[in-house]
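Chemist: Sharing a structure below in structure tokens format, with a few things to ask.
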Amino acid sequence: MEKNAVSLRGKDILGLEDFSANEIRLVLETATEMKNIIHRDIKKVPTLRGKSIVTVFYEASTRTRTSFETAGKYLGADVVNITAGTSSITKGESLRDTLLTVEAMGFDAIVMRHKAEGAAAYAAKVVQHPVIINAGDGAHAHPSQGLLNLFTLQQHKGHLEGLKVAIIGDILHSRVARSDIWGMRKMGIEVHLAGPQTLLPRFLYQEPGIFVHDRVEDAIKDADAINVLRIQLERQKAGLFPSTREYARIFGLNDERLALAKKDVLILHPGPMNKGLEISPYVAYGDHSVIQEQVQNGVAVRMALLTLVLTGGKSIEAAN
Ligand code: NCD
């Protein structure tokens, strides 16, 4: 069997559609080692000493930006943050000029979040040296979230192939759903989608291994994991669902619905949660919830991504 060394060195991380299964395995394997570092008393390691990373966020974030920053710092890199509200973006500076400015300062990686789909791919064309890591571009992709969801599933289930995962809610506006679907299908996971018809563009998902349901109950039946999506209230155009109360009643994940899934079902949510809307507080903080663990795994996965794109990490010999 031909052996191929898999490497992500220098790769722009734009979306999981450009990842092979072996590249995803490399990230998950590296993240397992990185997670040990987070548990150490002294977390700093010299892996990225001398490298510099800038986060450029045009949209709000708590977890993603902080976890990229923390990941870079644990690995010994210098990390600087630019957020729209306190930068020259408020003076009307274009995305292109902001990118060229940080490139001129010598940054090795730009971690970027923007409301426009394709913004990260555009950035990768504008700059030469820095790698671009997409931390969310509109409703298109959020690859590091997709990877940390896979990592969380693998840590609990020991494998990914053959799992049944339900993704519930606002699929239409969700970059997390899209990255989940690309990543999960590459790893042999069966994906079941459910949500209000107005938030579920079913024509996009007529592919093998993806099942679209009208009722949440049908999607979560016998599921190994349920990823509950946030209702993206800021992206809703009026009228896509009648009221938040009705949404909670018909589509919200509560303990009654949870009982339809497997006994050891895992509950994921990318955060921030609208508790009482897409997820009940009982489910969010209950025994099946791995939502806090996802946050920690997010740091491990981002440490893995930064190491792999900036240094190549160790390449694993992967079977073709
Ligand atoms: C997600 C995002 O911003 O895409 N959150 C996150 O990154 N943790 C999902 C969301 O905002 O609903």
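The values are calculated or read from the model by the stated rules, or taken from the named source; none is laboratory data. This one's a predicted model, so the numbers in the text were calculated from it and none came from an experiment. Note that we place each Cβ from the backbone using ideal geometry, even for glycine, and neighbour counts take in every protein chain shown. Each accessible area value is taken on the protein alone, full model and side chains, heavy atoms only, with ligands, DNA and RNA left out. Shrake-Rupley method; radii C 1.70, N 1.55, O 1.52, S 1.80 Å.
Chemist: Which order do the peptides 86-98, 140-152 take when ranked by the mean count of other beta-carbon atoms within 10 Å per residue, highest first? All intermediate terms of the calculation are to be shown ahead of the outcome.
Modeler: Working: 86-98: 12.6, 140-152: 26.7.
Listed from highest to lowest mean packing, they are 140-152, 86-98.
Chemist: Using the Kirkwood radius over C-alpha pairs as Rh, can you work out the diffusion coefficient of the stretch 192-320 via Stokes-Einstein at 4 °C, viscosity 1.567 mPa s, in µm² per second?
Modeler: Approximately 77 µm²/s, per Stokes-Einstein.
Chemist: Still on this model: Could you work out Rg/(2.2 N^0.38 Å) for the chain, with Rg from alpha carbons only?
Modeler: Values: Rg = 19.3 Å, N = 320, 2.2 N^0.38 = 19.7 Å.
Rg over 2.2 N^0.38 Å, computed on Cα atoms: 0.98.
Chemist: Which semi-axis lengths, in whole Å and largest first, follow from the square roots of five times the eigenvalues of the Cα gyration tensor of the stretch 120-180? Provide the component values of the computation, followed by the final result.
Modeler: Working: eigenvalues 144, 51, 9 Å².
Largest first, the stretch 120-180 gives 27, 16, 7 Å.
Chemist: Can you give the FRET efficiency to the nearest 0.05 for Ser88 and Gln206, using r as the Cβ-Cβ distance and R₀ = 45 Å?
Modeler: On the way: r = 44 Å, r/R0 = 0.99.
Calculated transfer efficiency: 0.50.
Chemist: Go ahead and estimate [θ] at 222 nm for the chain from helices alone: -39,500 (n - 2.57) per DSSP H run with n ≥ 4, summed, over the residue count, rounded to 500. Kindly include the intermediate steps, with their values, before the conclusion.
Modeler: Working: 11 runs with 118 residues, N = 320.
Theoretical 222 nm ellipticity from helices: -11000 deg cm²/dmol.
Chemist: Which ³J(HN,Hα) values in Hz, rounded to whole numbers, follow from the phi angles of the stretch 287-301 under the Karplus curve 6.51 cos²θ - 1.76 cosθ + 1.60, where θ = phi - 60° and Gly and Pro get x?
Modeler: 4, 7, 6, 10, 5, 5, 5, 4, 5, 5, 4, x, 5, 4, 5
Chemist: Mind computing the radius of gyration and Dmax over the alpha-carbon atoms of the stretch 132-228? Å is fine for both.
Modeler: Taking only Cα atoms of the stretch 132-228, I get Rg and Dmax of 12.6, 39 Å.
Chemist: When the dipole is taken about the Cα centre of the chain, and only Lys, Arg (+1) and Asp, Glu (-1) are charged at their Cβ, what size is it in debye, to the nearest 20?
Modeler: Numbers: 38 positive and 36 negative charges, 109 e Å.
Using Cβ point charges on Lys, Arg, Asp and Glu, the chain gives about 520 debye.
Chemist: Over all alpha-carbon pairs in the stretch 1-138, figure out the percentage whose distance exceeds 23 Å.
Modeler: Working: 3529 of 9453 pairs.
Tail fraction, whole percent: 37.
Chemist: Set the bar at 26 Å for Cα to Cα. Now go through Lys237/Lys262; Lys44/Lys275; Lys11/Lys91; Lys35/Lys157; Lys11/Lys164 and name every pair that lies beyond it.
Modeler: Numbers: Lys237/Lys262 35 Å; Lys44/Lys275 35 Å; Lys11/Lys91 32 Å; Lys35/Lys157 17 Å; Lys11/Lys164 30 Å.
Pairs exceeding 26 Å: Lys237/Lys262; Lys44/Lys275; Lys11/Lys91; Lys11/Lys164.
Chemist: Also: With θ set to phi - 60°, apply the Karplus curve 6.51 cos²θ - 1.76 cosθ + 1.60 along the stretch 89-103 and write out the HN-Hα couplings as whole Hz, x wherever there is a Gly or Pro.
Modeler: 4, 5, 8, x, 4, 6, 4, 4, 5, 4, 5, 5, 5, 6, 5
Chemist: Let me ask another. Roughly how much of Ile42 is accessible, in Å² to the nearest 10, using a 1.4 Å probe?
Modeler: 130
Chemist: Just the projected area, averaged over all directions, of the convex hull on the alpha carbon atoms of the stretch 150-194: how many nm²?
Modeler: Values: hull surface 11.6 nm².
Taking a quarter of the hull surface, the average projection is 2.9 nm².
Chemist: Would you grab the residues whose amide H sits under 5 Å from the one on Leu253? Only those 5+ places off in sequence or on another chain, please, with H modelled 1.01 Å from N.
Modeler: Amide H to amide H, under 5 Å and 5 or more residues apart or across chains, Leu253 pairs with Ile279, Ser280.
Chemist: Probe radius 1.4 Å, ligands and nucleic acids left out: which of Lys73, Lys125 has the largest accessible area, and how do the rest follow?
Modeler: Values: Lys73 80, Lys125 165 Å².
Reading off the accessible areas and sorting them downward yields Lys125, Lys73.
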